[in-house]
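One structure is given below, encoded as structure tokens.
Every read-out reported here was derived from the displayed coordinates using simple, explicitly stated rules and does not represent laboratory data. Quick caveat, the model's predicted, so the values are computed rather than measured. Neighbour counts run over all protein chains shown; Cβ positions are idealised from the backbone, glycine included.
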Amino acid sequence: METLTQLKKYSAELVDLHHTLALMQWDQEVRMPRRGAEERAWQFATLSALVHRREVSPELGALLAKAEAQKDGLSVEERALLRVMRRSYDQNSKLPEEFVSEFSRLTSQAQMAWLEAREQSDFAIFQPLLERLVALSRQQAEYLGYPAHPYDALLDLYEEGLTTAKVAEMFAELQAPLVELVKRFAGRLTPLAFAEPFSQPGQEQFAEHLLQAMGFDFSRGCLARSPHPFTTTLGHHDRRITNRYAPRSLDFIFGALHEGGHALYEQGIDARLAHSPLDDGVSLGIHESQSRFWENVVGRSRPFWQRFFPELQQAFPAQFASLGFEDFIRGINAVTPGLIRVDADELTYNLHVLIRFEIEKGLIEGSLEVGALPGIWREKYRQYLGVEVESDADGVLQDIHWSHGSFGYFPTYTIGNLAAAQIWEAYKRYDPGFERTIAEGDLAKIREWQGREIHGHGSIYLPEELLVRVTGAPLAARPFLAYLEEKFSTLAG
Ligand code: ZN
């Protein structure tokens, strides 16, 4: 078993390198002065190229082949390690080093251009970089290969086995029922509006309080600010999240619950998987199921606020002292077709994702030009959500993903929403007294169940395999649509 020991050592070094890159990324988004961007881009390019060289080395190829030949007698974890390393080795081997380095340098520049473009609400600033990123992503798809559609190659990077056809089928099942639900419930629940601003320290404190209640371990993670909230892993005992704070928005609550859901997943991975490629969530879709579970299924539920509303009132008397509980619950669940994906309610959210899916598919297959995006964006928002896009900042420039070169990422959000509802059904079978559990603030009971069923396994099981183990069925639209129907008809009386 000497081969396996060598392979584990090799993979542990790769994990170190990736966590170092994550630290550079964290710093870039949280703390780096803007003028540091150019040199940081070169640092990313240099380090990414070195990491890539190690990821495709003949030494690693030989070790993998040798270990695979001696598979008998390996544990479930060891087999999973071989599977995960084989997948990443094959993917990386298909990409030339110059490509990896160029892609990394370009995305680093593109993030700064995107920030500036969004600030000035001027797509033209971002357009040339986006054009090059789209061209590189199309090239990437050709390097990687795909079963039927070039976009398949990119989807598979984020959700193993996902294809354009599967995503199209998922949206075909969702679109009509969602449009129908939006029609029924839009405008029937009054959104909250705040005359008095929330102080930033107050927001930070309350967000921390909720994270503590969920069981986020501050000795193994921290909370910071960034323009676009995210969760990242710098080590087995270092899982970080960011949040954003606006004066008159409840983003600080739902952002914290969302990123907290991601972080609980990461912090819940079994210690025996530490320092290995299995010490990671299995896919973006399953990851998003955990964040949406806490943000929406738990975090926008009546029992959750039976527990926390009195504290919210106490923390922010000017905003909540005279607001009734029912108005609050209806307000945080108000259905309002809008322009911004991250602000979208549970009914309209997946229509925002559908628009991005259609656009990305067009960009990658070459049927859509980057220059046409602002216009296409306006058209689709009018058609699917009935809203008028007034500016690029609130339109085509609102998401950071394309500046990261992430095409194929968005559909995992919808997978996460569906999986969250399906996992919720499984949890309710386990804990029929769930409403009381939540209302009494016994959130550890939920976290421990998730830990046993999902988090602890890290990347040992394939996403679909894991979902079947937890819920007894592969991903389906039915539990999500049933959850929405029940929740919103109750809310609207
Ligand atoms: Zn998320």
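Remarks
- The residue list ILE376, ALA477, SER93 was ranked by how far each Cα lies along the charge dipole of the chain toward its positive end, using unit charges on Cβ atoms, and ALA477 comes out on top.
- Bridging of LYS445 to lysines at a Cα separation below 25 Å is possible for LYS428, LYS487, once same-chain residues fewer than 8 apart are set aside.
- Residue-averaged [θ]222 nm for the chain, counting only DSSP H segments that reach four residues, each worth -39500 (n - 2.57): -20500 deg cm²/dmol
- Added length on full extension, which subtracts the Cα-Cα distance from 0.36 nm per residue, HIS401 to SER57: 120.9 nm
- Extension gain from GLN313 to ALA37, taking 0.36 nm per residue of separation minus the Cα-Cα distance: 95.2 nm
- As computed over the range 77-216, the Cα convex hull volume per residue (Å³): 254
- Inverse of mean 1/r across different Cα pairs in the range 183-341, Kirkwood, Å: 16.7
- Each of GLU196 and HIS275 was given a label point 7 Å from its Cα along the Cα-to-Cβ line. The distance between the two points is 5.2 nm.
- Cβ-based charge dipole, the chain, positive-most Cα from ALA426, THR231, LEU354: ALA426
- Calculated FRET efficiency, GLN120 to ALA69, Cβ-Cβ distance, R0 = 45 Å: about 0.20 to the nearest 0.05.
- The P(r) of the range 2-145 has a tail past 19 Å containing 61 percent of all C-alpha pairs.
- The distance from the alpha carbon centre of the range 61-95 to that of the range 360-394 is 41 Å, rounded to a whole number.
- Cβ-to-Cβ counts within 10 Å put TRP402, TRP449, TRP424 in ascending order as TRP449, TRP424, TRP402, the fewest first.
- Aspartates and glutamates whose Cα lies under 14 Å from that of LYS94, excluding same-chain neighbours fewer than 8 positions away: GLU55, GLU142
- By DSSP, the beta bridges lying fully in the chain are antiparallel in about 45 percent of cases.
- The range 383-442 - Rg (one decimal) and Dmax (whole number), Cα, Å: 18.5, 47
- Net charge contributed by nearby residues that have their C-beta within less than 11 Å of ALA420 (K/R +1, D/E -1): -3
- Rounded tilt (10° steps) of 443-453 against the dominant C-alpha axis of the chain: 30
- Helix 478-491 axis, angle to the chain major axis (alpha carbon atoms, nearest 10°): 20
- The chain: translational diffusion in µm²/s, Stokes-Einstein, Kirkwood Rh over Cα pairs, 25 °C, 0.890 mPa s: 104
- Average Cα contact separation per residue, the range 165-491, under 8 Å, 6 or more apart, as relative contact order %: 24
- Tilt relative to the chain, helix 123-144 - C-alpha long axis, 0 to 90 degrees, to 10: 50
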